[in-house]
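Just below is one structure, and these are the notes that go with it.
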Amino acid sequence: MKIAIMQPYILPYIGYWQLIDAVDKFVIYDDVNFIMRGYINRNSILINGQAYKFSIPLEKPSQNKLINETKLNFSDSAKNDFLKTIELAYKKAPCYKEVYPVLNKIIYNKETDLTSFIKFAIKTVNQYLGINTEILLSSDIEKDNSLKGQNKIIEICKLLNASQYINPIGGVDLYDKAKFQNENIKLNFLQTKYIIYEQFNNDFVENLSIIDVMMFNTREQIQNMLVKYDLV
């Protein structure tokens with residue numbers, strides 16, 4: 001049983017989806033503190049050949065709140081503005097007609113809870129891309145919440161009968177392979193290979209939201225991208 005555990009991010013970059021696709025169960029780590037000015041409710045799209053940051057508005061976000069205690073403040077007017085920005089940025093992209101309805105479904109989702117909104121977004125994109133990984137919430141798993149760091153991750157892995165835990169390469173200094181091995185869990189890190197595709201006639205801008213990837217690539221092309229990584 002392969003497991004990954006990650007905080008929820010709104011429509012993140014391709015590496016996040018590689019991680020989801022690489023495992024049997026993907027746990028949304030929603031019962032940890034919200035991080036201000038992070039990527040939980042923010043990402044970037046392409047506008048005029050440059051990375052442009054967007055954010056999903058929240059109701060009084062605080063690092064003293066858990067992610068699953070954080071609410072949206074996403075009015076219909078703000079949702080309209082967001083989708084208009086997407087239209088203006090990508091209406092000439094090759095896959096716009098297929099992808100815009102997917103984003104419309106995500107943005108007009110009625111959820112007001114940040115975790116539920118992002119979970120819906122993840123499952124909707126997964127369905128579009130043909131990813132069948134089971135999506136779980138950390139807050140739904142009965143565990144010892146006094147544990148911290150990798151000890152809490154190991155606890156979740158054990159409760160889910162994981163034989164392998166996969167984490168993005170950015171966490172390589174946070175986890176000790178020997179401690180996982182002591183629990184009969186193999187620890188690997190996913191390192192995304194360099195992925196490039198045509199973005200109109202501009203110089204390539206990397207690590208943008210999955211929105212950008214979907215606008216410029218067919219499902220089949222993205223499915224090929226999902227396996228372009230190394231496990232170390």
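The antiparallel fraction among DSSP beta bridges confined to the chain stands at about 45%.
In units of the rule-of-thumb radius 2.2 N^0.38 Å, the range 101-190 shows an alpha carbon radius of gyration of 1.31. Note on the range 72-205: with charges restricted to the Cβ of Lys and Arg (+1) and Asp and Glu (-1), its dipole about the Cα centre is near 180 debye. Our coupling estimate for the range 126-133, obtained by passing each phi through the Karplus curve with A = 6.51, B = -1.76, C = 1.60 and θ = phi - 60°, is 4, 4, 4, 8, x, 8, 10, 4 Hz, Gly and Pro reported as x. Roughly speaking, what % of Cα-Cα pairs in the range 1-78 are separated by over 15 Å, rounded to a whole number? Summing the P(r) of the range 1-78 above 15 Å gives 63 percent of all pairs.
Listed by chain and number, the aspartates and glutamates whose alpha-carbon sits under 12 Å from that of K119, ignoring those within fewer than 8 places in the same chain, are D30, E111, E134. Using a cut-off of 22 Å between Cα atoms, the listed pairs K158/K179; K25/K79; K143/K228; K25/K186; K2/K123; K25/K65 include K25/K79; K143/K228; K25/K65 as exceeding that distance. Listed by chain and number, the aspartates and glutamates whose alpha-carbon sits under 13 Å from that of K91, ignoring those within fewer than 8 places in the same chain, are D212. The portion of the accessible surface of the range 108-210 made up by carbon and sulfur, rounded to a whole percent, is 43 (1.4 Å probe; DNA, RNA and ligands excluded).
Considering only S163, V99, T218, the residue lying farthest towards the positive end of the dipole of the chain is V99, judged by Cα position with unit charges set on Cβ. Identify which of the listed values of percent of Cα pairs over 26 Å apart was calculated from the structure shown: [x] 42; [y] 38; [z] 34. Recomputing percent of Cα pairs over 26 Å apart here picks out [y]. Close amide-amide hydrogen proximity is noted between K186 and Q164, Y165, each under 5 Å apart and 5 or more residues distant or on a separate chain (H modeled in the peptide plane; Pro and chain starts excluded). Using a probe of 1.4 angstrom and keeping all protein chains present, the accessible surface of the chain works out to 50 square angstrom per residue. For a distance above 17 Å, tell me the whole-number percent of Cα pairs in the range 160-213 that qualify. The calculated P(r) of the range 160-213 puts 54 percent of pairs beyond 17 Å.
The values are calculated or read from the model by the stated rules, or taken from the named source; none is laboratory data. Fair warning: this is a prediction, and the values are worked out from it, not measured in the lab. Counting neighbours? That spans all protein chains shown, and the Cβs are built from the backbone with ideal geometry, glycine included. Accessible surface areas use protein heavy atoms only, side chains included; no ligands, DNA or RNA. Shrake-Rupley method; radii C 1.70, N 1.55, O 1.52, S 1.80 Å.
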